[in-house]
1. Those residues that are closer than 16 Å to Ser483 by Cβ, assigned to a loop (DSSP other than H, G, I, E, B) and free of Cβ contacts under 8 Å to residues at least 24 places away in the same chain, I need them from segment 215-232; list them, please.
2. In segment 265-298, what residues are aromatic (Phe, Trp, Tyr) and not assigned by TED's automatic domain parsing to the domain that holds Leu411?
3. Return a yes/no flag: does segment 30-51 have any residue that is touching a Pro at 6+ places or on another chain (Cβ under 9 Å), in a loop (DSSP other than H, G, I, E, B), surrounded by 14 or more Cβ atoms within 10 Å (Cβ to Cβ) and at pLDDT 85 or above.
4. Suppose we filter Thr358, Thr382 for residues that are within 23 Å of Gln218 (Cβ to Cβ) and either modelled with pLDDT under 90 or touching a strand residue (DSSP E or B) at 6+ places or on another chain (Cβ under 9 Å) (or both); which single one remains?
5. Out of all the residues in segment 358-384, which are more than 32 Å from the chain's Cα centre (by Cα) and of a type in the set (Asp, Glu)?
6. Can you give me the number of residues within segment 58-78 that are farther than 22 Å from Ala27 by Cα and either at pLDDT 80 or above or surrounded by 14 or more Cβ atoms within 10 Å (Cβ to Cβ) (or both)?
7. Looking only at helices (runs of 4 or more DSSP H) that fall completely inside segment 445-542, which ones have 2 or more residues that are under 30 Å from Glu156 (Cα atoms) and within 27 Å of the chain's Cα centre (by Cα)?
8. May I ask you to say which residue of Thr446, Thr466 is closer than 26 Å to Ile525 by Cβ and either in the same structural domain as Leu292 (by TED's automatic domain parsing) or not aliphatic (A, V, I, L, M) (or both)?
Amino acid sequence: MPFLCLYRYPEGVSKSSEGMLVTTQPAYLLLQEADREEAEAFLCQLAESMRKRFGAFLLLEVWRSDQKQGFGLVSADDTNKQFVDTLKKELAEFPLALTQQVKTTDKFPKGFEPLLPRSLLEEETVRALGMAIAPFYLSSRTRRLFPVIFRQFRRELSIALRKFFYDFARVQTRMEVAHYHSLGRQHEGALVWEIDQELVEISSSFDFLLLTSVVNHQEAWQEFKRSGYNQAPTFLYRLIPVDPELLKRRLYQVPIEELDDPTLAFVFRDKRKELERLLNMLEERNTPDFRLSSIQVFGGAEEELVAKANQILDYQQEAVLDEADEDQTHPISTEAFAEMARQEIAWMKQQYEALDATVNIRKDITGLMVSRGQLLIGEGFTTNSRRAQALIQHEVGTHVLTFYNGKAQPLRQMYVGSPGYEDLQEGLAVLSEYLVGGLTLGRLRTLAGRVIAVSCLLKEADFAETFRVLHKDKGFTPYTAYSITERVYRGGGMTKDAVYLRGLLHLLNHLAEGNELAPLLIGKIRQDYLPIIDELIQRKILRPAPIMPRYFQDPESMRRLKSLHNKVDVLSLLT
């Protein structure tokens, strides 16, 4: 690297918050006062070597100022003005208001004079800068650290310095660097991978969706019919094979706070928060608290989403169509659908040999489900020729594909799933149905009905009331209305089913802004993780996705996808 970030510990001090700020950079040196003489000789040799290699070298030293807020930038000479202005601009844009004062000077304070000799600094190819940081993240009375504020500041400063070093390297050196993220750390220590593995093991110790899925669907449906559609049925679930309290204890023993990489620390901390909430939901299953926790994990049904759902249902009523009107002339049996799925998996395996997904027909689930990259089909599941390929691309071409694309990455969180990944996952899955020509009015109606059911749940409607809204007011058949209601009321109230329509609408907006679809298939991520994914790719911590869906090779599907770069209404996707 043609630059180095330096921090000198005060005499008698071996650890400080400012030292932790420096360690986020790809090239840094922590210096004890006792080693100063040796360090001066080393820095002189380093500057000479890097200047010859890259054409220029920059030394940036960081220290704690005695001010209450803001930054102080110190430049050894006027030739540094361009770079001081770049850093000043980045620091002034910080979201933390306390850090927005930036002052510049050409006088280094006593004790912080550059460790490079004056003769070397007189060369225009070697520069020395200083940055004084007001410790607003420490208590003015006790000097104790405010950890949440410091954590945010550390991440923001890391990015600001990386942009600053990128600007210097791009303009003043021969170093080839495509993006400021390329200056991020590319080789992580063992602790990163240990934390990653531990979080995966905790996540893999329970299957949340299976543990919150009803196992007596048909019996419950018959019970509800016998009550005249007036009495909520009794739902049965699988036994929980783990102790949530012990797993939460294990979860918070993971030493994320010891990481020097702010980006990965954020990813891991975000996942830990989600895992805690899922474990809470397992403890709260069949209690009112389950619904409240579900809102935290999956969100609710915002007003705009409910309005769009009602628009879809009104459109269907105007067209006088019902889900039973879909083409049933070519029924597809359970076994035939399973064989179609196996063929699709075999096709994807040609792209990624390590793909080992299976297709299993089971009695204890209803419909279709992908669990940990494996496709589960409920015994007795049937579909029709119009919908079969759409469902294959939904389940296999999206859910299985993104699981194994994530599994191909060094970072295991990519297949376990980032918190809130369901919105994008289901949006991608429904969009794939459109791209292969299988998104029908009946399918959109089902997604809209799920949003309405979630809205009813959040308005305190009971099971029978929600069923009647779907059946009587929205025109669903009794069995379909029941199935939607069951999905939403399971466990005590699951708001997850609103993510299908919400995710599709968010994805359409994303594509209308000119963004591409392929980057979203790298794993189980959420949409606002894209800058993080881009950073980790630039740092070579993540790799390109090995598997692309079949529809990427179909000209008609690509024509449909291209059309979505213009703003479209969801109803225009009907095929």
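1. First pass over segment 215-232, keeping only residues closer than 16 Å to Ser483 by Cβ: 215-225, 229, 232.
Of the ones still in play, those that are also assigned to a loop (DSSP other than H, G, I, E, B) are 215-216, 229, 232.
If the condition is that a residue be closer than 16 Å to Ser483 by Cβ, assigned to a loop (DSSP other than H, G, I, E, B) and free of Cβ contacts under 8 Å to residues at least 24 places away in the same chain, then Asn216 is the only one that fits.
2. Residues of segment 265-298 that are aromatic (Phe, Trp, Tyr), as a first pass: 266, 268, 290, 298.
Listed by number, the residues that qualify are Phe266, Phe268.
3. So far as segment 30-51 goes, no, none of its residues is touching a Pro at 6+ places or on another chain (Cβ under 9 Å), in a loop (DSSP other than H, G, I, E, B), surrounded by 14 or more Cβ atoms within 10 Å (Cβ to Cβ) and at pLDDT 85 or above.
4. Exactly one residue qualifies, and that residue is Thr382.
5. Narrowing segment 358-384 to residues more than 32 Å from the chain's Cα centre (by Cα): 363, 379-384.
Passing the criteria: only Glu379.
6. Residues of segment 58-78 farther than 22 Å from Ala27 by Cα: 65-70, 77-78.
Checking which are either at pLDDT 80 or above or surrounded by 14 or more Cβ atoms within 10 Å (Cβ to Cβ) (or both) leaves us with 65-67, 69-70.
Matching residues across segment 58-78 total 5.
7. Working: elements: 463-468, 478-489, 499-512, 530-538.
In segment 445-542, the matching helices (runs of 4 or more DSSP H) lie at 499-512, 530-538.
8. Values: Thr466 fails: closer than 26 Å to Ile525 by Cβ.
Checking each option against the conditions leaves just Thr446.
The values are calculated or read from the model by the stated rules, or taken from the named source; none is laboratory data. The structure displayed is predicted, hence computed values, not measured ones. As a convention, Cβ positions derive from the backbone with ideal geometry for all residues, glycine included, and neighbour counts pool all protein chains shown.
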